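Visitor: Sharing a structure with you now.
The values are calculated or read from the model by the stated rules, or taken from the named source; none is laboratory data. Since the model is a prediction, treat every value here as computed from it, not as a measurement. All Cβ positions, even for glycine, are placed from backbone atoms using ideal geometry, and neighbour counts span all protein chains on display.
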Amino acid sequence: MKKFLVVLLMSALVFLPAVQSFAVSEAAVLFLLISPGARASGMGEAFVALADDATAVYWNPAGLAFQKGKEISLMHANWLPQFGSDLFYEFGAYKQSIEGIGTVGLNVTYLNLGKQFITGEGSPDVLGEFSSYEFAVSASYGTLISENWGVGLGLRYIRSNLSDVGAGAEKGDGKANAFAFDVSTLYKVPFVPKLSLGLNLSNMGPKITYIDAAQADPLPTNLKVGFAYRLVDSKFNKLTLVGDMNKLMVNRHSDGTSDPFYKAIFTSPWTITEEKKVNIGSEDDEEVVGQESMFNGILSGGMEYWYSDLIALRAGYYWDKPGKVEFVSFGAGIQYHLYRFDFGYVSAAEGHPLANTMRFSLTLGF
């Protein structure tokens, strides 16, 4: 019986940057949680309350409501570069304002998972090969309810092409389709003029099915809330502080079943309990001394400094304690008229899968 090697594929999903590590195996198509835009990357991936360019189609569609004109944003990133892998991520977004209606946006996300090999049963001989990839196509809309309040919607088609054949005696293959939607809001606080608050509940939809309905997996429904505060906003100097909280709204039970998304929004646990251990001898000899309850989510924050709308410098911090993912990020940007080039860099500990992750993005206005 032919069997394909999925070890590399699963490993790739486990270590996806910007994905809650603790969420792996709780949801499928985790590539939907990869954060686009080198600009946001440089600020610790906190952008839901800023969302003032074309990448708002991902971060917060309500941010489109405050934008005018047309803009294209493109991003490329080599994934897991320290492993010498052939993974890469592409993101493209377009937004356009329509007088009297609002602002619409389109975007495409593509993750190449590399080449996989088919081997014989109990044999290392390669019998064939195939490529694995996933992509999503989204449409977004944002409009103003009042001068300071915008709302947004997003619709998404998802295609997962993990394999061309089944594994062992399994029927079917590793291909699946799904649909999802987002709802969001962005509020510019009138009595604190420099403060904005954002919320985006994304990837809500029916479970995705590869084999049959009994083995369907939930989509990575995600709640993102945050703030942006323009600490300095003068002609030549601008400094903005941002902060986000992410929470995966998935509730998978011990028997392998999971709640539908409309129920998991309310039943997903906000805290998890972890055993506290101390070394009583060697590193492998530990004793449980208690339990620790921790927030079951991700916190991130950062800042962005602009000089004369020409040069930008960014820094941020990403903290996911349950998933044991922490890193500092840096970024820079240069802008001329309606054209901007951004760079983001993740500085993680040596040997960390996120180390030396770089993102490059180009924004074109017209």
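Visitor: For segment 235-265, name all the residues that are modelled with pLDDT under 95 and acidic (Asp, Glu).
Guide: The answer is ASP255, ASP259.
Visitor: Let me ask something else. Identify, please: which residue in segment 154-166 is touching a Gly at 6+ places or on another chain (Cβ under 9 Å) and surrounded by fewer than 17 Cβ atoms within 10 Å (Cβ to Cβ) and is, among those, modelled with the lowest pLDDT?
Guide: Ranking the qualifying residues of segment 154-166, first place goes to VAL165.
Visitor: Those residues that are of a type outside the set (D, E, K, R), in contact with a helix residue (DSSP H, G or I) (Cβ under 8 Å, 6 or more places away or on another chain) and outside any strand (DSSP E or B), I need them from segment 307-336; list them, please.
Guide: PRO322, GLY323
Visitor: So how many residues does segment 171-224 have that are in contact with a Pro (Cβ under 8 Å, 6 or more places away or on another chain), polar (S, T, N, Q) and within 12 Å of ALA28 (Cα to Cα)?
Guide: So the count comes out to 1.
Visitor: Could you tell me which of the residues ASN203, ASN177 is in contact with a Leu (Cβ under 9 Å, 6 or more places away or on another chain) and either touching a residue at least 12 places away in the same chain (Cβ under 8 Å) or not in a loop (DSSP other than H, G, I, E, B) (or both)?
Guide: ASN203
Visitor: If you go through segment 345-366, how many residues are part of a strand (DSSP E or B) and either touching a residue at least 24 places away in the same chain (Cβ under 8 Å) or more than 20 Å from TRP79 (Cα to Cα) (or both)?
Guide: The qualifying residues number 10.
Visitor: Scanning for something touching a His at 6+ places or on another chain (Cβ under 9 Å), crowded, with 21+ Cβ neighbours inside 10 Å and not in a loop (DSSP other than H, G, I, E, B), does segment 337-344 turn up at least one residue?
Guide: No; the residues of segment 337-344 include none that is touching a His at 6+ places or on another chain (Cβ under 9 Å), crowded, with 21+ Cβ neighbours inside 10 Å and not in a loop (DSSP other than H, G, I, E, B).
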